[in-house]
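Shown next, in structure tokens, is the structure this report addresses.
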Amino acid sequence: MAAPHISSYYAATINDDTQYPALEGTVSADVCVVGGGFSGISTALSLAERGYRVVVLEAQRVGWGASGRNGGQVIAGISGEHRLEAQLGDAGRRLLRDIRYRGHDIIEERIARHGIQCDLKHGWMEVAARSRHMAAMRAYVEARRADGDGAHLEIVEPGGMDRVIGSRLYHGAVIDRRSGHLHPLNLCLGEARAAAAIGVQIFEGSPVTALGGGAKPFAKTARGRVTAASIVIAGAMDRAVQMGPLRGLVFPTGSYIVATEPLPEPVAREISPQDLAVADSNVVVDYFRLSADRRLLFGGRCNYSNRDPRDIRATLRPRMVKVFPQLKGIGLDYAWGGKIDIVLTRVPAIGRAETNVYYMQGYCGHGVNVTHFAGEVVADAIAGTMEKLDLFERIRHVRLPIGQFLGNQLLALGMLYYRLKDLL
């Protein structure tokens, strides 16, 4: 049986509760996609639009994992842009320009084409947690403008912060008007509905227990089996069925969100005058935005040890009130958490485990955008256009061969160091 979506603001405000059957028996397809989050659903829709017969296997419900729990921020590019450029040079810079907003474009096109209601709003801002962070922000905007790709970026100097945020905690900002925020679970469910409408077979409650490539690619569940010409591992999956290049690659980290009660309109306008999604410039980030019904969704406190806080509300409330003292005493109606998949290079892992087994994972907090262009990269490769996939396969990723537990402990120590730097 598929587990229901976790209790969250998103689950409480879904606009589509379609339930898909579990896989029973043997099914054949051109492509079998393992995973029913953004990675899997977006890839399946891209392939089906090209005429491929596609099956999606989801262990729980569509959008059950990070795709339906995240902060809903649609952020341009990838977390490790500098590493992509460092490893690939001019080819990396060209790739970055091609993909930086490609996920945004795909999302907006699908919302328009399929009538997906997911509260899309444009405008995202990174705020400077320290005054010294402004130098890097200014340099970034200047470089983007020099490259002809920064007309929609603007620097907010310290004296102008009152017009963009109702907090005295920050020392300036950079705004990206092409990025923004939305209801991620409703987007994922809407894309699944669109995929099913053009023939994609979606199976929920169908965790994969074994898969293989070679001459006869397959994915097996407890009660069924899919045979296909290609397999796509879309997002993180159970370590028991991870294939060689995926072992030791991804480290899940905890991130948590609270949603306030609906705020009075004057309070909402005071704390977020332009209704921007916001993330701060620390390594261990806070991120927040207003929902369509004027709740503040406040997230952060990334936990790299995989130990969830006993009380998410008690953990996040003090930080929320430090950012917005005017919210002291405001009720918190929802609190939830989930895992963000981190790769140490901060460049998403997109490639092939075997000739006909593709994978994509490790979005490092940029998943809403990155999953959508990653799905297109893999769909292109399956259709015979390998250029972008080949570039991602050239990235040298760091893997820890010491096991998930010890790997997370080392990662937690490293992030504690950066957390102390943020505080100091």
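The values are calculated or read from the model by the stated rules, or taken from the named source; none is laboratory data. Please read all numbers here as calculations on a predicted model, not as lab measurements. Neighbour counts are summed over all protein chains in view; Cβ atoms, including those assigned to glycine, are modelled from backbone coordinates with ideal geometry.
Restricting 290, 263, 276, 296 to those that are of a type outside the set (D, E, K, R), surrounded by 18 or more Cβ atoms within 10 Å (Cβ to Cβ) and over 16 Å from residue 73 (Cβ atoms) reduces the list to 263.
Filtering segment 156-180 to residues that are out of contact with any helix residue (DSSP H, G or I) (no Cβ under 9 Å at 6 or more places or on another chain) and in a loop (DSSP other than H, G, I, E, B) leaves only 164. Checking each residue in segment 5-36 for being at positive phi and crowded, with 17+ Cβ neighbours inside 10 Å picks out only 35.
Being touching a Pro at 6+ places or on another chain (Cβ under 8 Å), part of a loop (DSSP other than H, G, I, E, B), surrounded by fewer than 21 Cβ atoms within 10 Å (Cβ to Cβ) and without any contact (Cβ under 8 Å) to a residue 60 or more places away in the chain is not true of residue 310.
The lone criterion from (1) assigned to a helix (DSSP H, G or I); (2) closer than 30 Å to residue 49 by Cα left unmet by residue 230 is number (1). Among the residues of segment 83-100, is any among the aliphatic types (A, V, I, L, M), crowded, with 23+ Cβ neighbours inside 10 Å and in contact with a helix residue (DSSP H, G or I) (Cβ under 9 Å, 6 or more places away or on another chain)? Within segment 83-100, one or more residues are among the aliphatic types (A, V, I, L, M), crowded, with 23+ Cβ neighbours inside 10 Å and in contact with a helix residue (DSSP H, G or I) (Cβ under 9 Å, 6 or more places away or on another chain). Flag not set for residue 99, criterion: under 27 Å from residue 179 (Cβ atoms), in contact with a strand residue (DSSP E or B) (Cβ under 8 Å, 6 or more places away or on another chain) and β-branched (Val, Ile, Thr).
For segment 28-63, the set of residues classified as over 18 Å from residue 380 (Cβ atoms), touching a helix residue (DSSP H, G or I) at 6+ places or on another chain (Cβ under 6 Å) and of a type in the set (A, V, I, L, M) consists of 56, 62, listed by residue number.
Looking across 234, 229, one residue alone is more than 23 Å from residue 173 (Cβ to Cβ) and either surrounded by fewer than 22 Cβ atoms within 10 Å (Cβ to Cβ) or aromatic (Phe, Trp, Tyr) (or both). It is 229. Report yes if residue 239 is out of contact with any strand residue (DSSP E or B) (no Cβ under 7 Å at 6 or more places or on another chain), modelled with pLDDT of 95 or more and either aromatic (Phe, Trp, Tyr) or surrounded by fewer than 16 Cβ atoms within 10 Å (Cβ to Cβ) (or both), otherwise no. No. Scanning segment 77-116 for residues that are of a type in the set (Val, Ile, Thr), more than 22 Å from residue 341 (Cβ to Cβ) and in a loop (DSSP other than H, G, I, E, B) turns up just one, 116. Among the conditions (1) part of a helix (DSSP H, G or I); (2) surrounded by fewer than 23 Cβ atoms within 10 Å (Cβ to Cβ), the only one that residue 119 does not satisfy is (1).
Taken as a whole, segment 138-155 holds no residue that is at pLDDT 95 or above, part of a strand (DSSP E or B) and basic (Lys, Arg). In this structure, does residue 320 turn out to be under 30 Å from residue 164 (Cβ atoms) and at pLDDT 95 or above? So residue 320 fits the description; yes. Pairs meeting the criteria (first residue in segment 264-293 and part of a helix (DSSP H, G or I), second residue surrounded by fewer than 16 Cβ atoms within 10 Å (Cβ to Cβ) and at pLDDT 95 or above, beta carbons under 7 Å, at least 6 apart or on different chains) are 267/326; 270/326; 271/326.
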